[in-house]
Amino acid sequence: MKPSLRLAAVLFAAVALATPSLAGPLKITTGELTADYGACVLEFEIRGVPETKEVTLTRVPGGEAVPCQVKERSAGAVRVAWLAPALEKATEAVWEVDLVSTDAPAAKPRVEVKAAGTDVEVLVDGKALTRLVADPNGPKPYLFPLLGPNGKMITRRFPMEAKVEGEEQDHPHQRSLWLTHGDVNGIDFWAEGRGRGTIRQTKVESLQGGPVFGRIATRNEWLAPDGRKLLDDARVLTFYPLERGETLIDVSVTLSAAGDEPVVFGDTKEGSFGVRLAESMKGTRGGVIVSSRGLRGGEAWGKPAEWVDYSGKVGDDLVGVAIFDHPSSFRHPTHWHVRPYGLFAANPFGYRDFYDDKSKDGSFKLEKGKTIDFRYRVYLHHGGSGPRIEEAYRSFAKPPELKPKGAKA
């Protein structure tokens, strides 16, 4: 696998140390790999780490320092994340873990996450990547602007900005990147305006930046036109900058029935996790749609797939947006409401439309006290689709297992 094809993965492992602190280095290994993976976001937990110590990583062999970031810290334990280079079949990757004092001054974070009124800004290397827009009088939270790997807008500007030359002004509810649904207890949250549902962000639970990722955790409510709350919504957005300006955005959403009655997600194609791409990327202007099942263009509409990639020109550059559906996500593999006019959405509910069969029913009843989870990864990349997209999906869906190689007490 060529270095230029390095993508991102998420690898999970738990490493428990019996001693209260590290007296010597601990090595973590992937073991011999059975498949190719792209550049990886690795996670592991170390126990017995005092509050006065921070974790450091070096690549073995070579001793290259690898930036890492604490994702969670609890009593005597830390979960650390870092970006690793490409992992190739039949090779082994090894990292050495050590501790240093927390007295050293912290370096400026590569990813900054900052409150901006009711919004949250995300910057990478001091430059804007995106903003979580949460207007209390608006229809829903969404990400805008969203910059692609060439530093240019990868989603449509309308309706957030005034008329832009060359942009269509259809479907004003398709706001850059968002999650809603067109039938929740008979109420339309997909479209906007009078008589439609709204999603209100009620709390920013945490903001985190650092050398590896930025993270936003929020609480939201799905409200009927009369103000009744139907759903509680917990979201976590995590942003990982990669090489050459590429980006991963991990989206985790948990919905729970908020009232005394069940909530029914109706069968409609108008949903659910969507992106409206830049006008120049549209299939009608030369953009290319490819699914993990090998379907292209309009053939991918309404079909189940593990992922879909949509690529096209932005300026003089060929760039793409891939959306991955995690195996733990609701009704995986999801179906895709993806259109040549630039709409690109994962929808696990719209069976009647997708199969053109009125006997099918994709609706789902969420009982009181129950939850459903959606987990997606958005990959903003250079170039068109190809084997590297499948490698990136493999890294997200079924990463290799990390193991301790040894520790000294």
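The values are calculated or read from the model by the stated rules, or taken from the named source; none is laboratory data. Computed from a predicted model, the values in this text were never measured in an experiment. With ideal geometry, Cβ positions are generated from the backbone for all residues, glycine too; neighbour counts draw on all protein chains shown.
Cβ separations smaller than 7 Å between residues 6+ apart or across chains give the following pairs from the stretch 34-52 residues that are over 25 Å from T247 (Cβ atoms) and assigned by TED's automatic domain parsing to the domain that holds C68 to residues that are part of a strand (DSSP E or B) and among the charged types (D, E, K, R): E45/R79. Those strands (runs of 3 or more DSSP E) of the stretch 329-394 in which at least 3 residues are crowded, with 20+ Cβ neighbours inside 10 Å, considering only elements entirely within it, cover 335-338, 343-347, 371-382.
Residues are listed down the side, and each one gets a yes or a no for (1) on the phi > 0 side of the Ramachandran plot; (2) within 22 Å of the chain's Cα centre (by Cα); (3) of a type in the set (G, A, S); (4) not assigned by TED's automatic domain parsing to the domain that holds G287:
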residue: A346; (1), (2), (3), (4): no, yes, yes, no
residue: R352; (1), (2), (3), (4): no, no, no, no
residue: D356; (1), (2), (3), (4): yes, no, no, no
residue: E367; (1), (2), (3), (4): no, no, no, no
residue: K370; (1), (2), (3), (4): no, no, no, no
residue: R377; (1), (2), (3), (4): no, yes, no, no
residue: G383; (1), (2), (3), (4): yes, yes, yes, no
residue: A392; (1), (2), (3), (4): no, yes, yes, no
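Restricting the search to strands (runs of 3 or more DSSP E) fully inside the stretch 157-244 and requiring at least 3 residues that are touching a Phe, Trp or Tyr at 6+ places or on another chain (Cβ under 6 Å) and either touching a residue at least 40 places away in the same chain (Cβ under 8 Å) or surrounded by fewer than 21 Cβ atoms within 10 Å (Cβ to Cβ) (or both) gives 177-181, 229-241. With respect to the stated conditions, V133 fails to be buried (at least 20 other Cβ atoms within 10 Å of the Cβ) and closer than 29 Å to F44 by Cβ.
Residues in the stretch 252-280 that are part of a strand (DSSP E or B) and surrounded by fewer than 20 Cβ atoms within 10 Å (Cβ to Cβ): S252, T254, S256, V264. Among the residues of the stretch 270-322, those identified as within 18 Å of the chain's Cα centre (by Cα), under 14 Å from G148 (Cα atoms) and β-branched (V, I, T) are V275, V319, V321.
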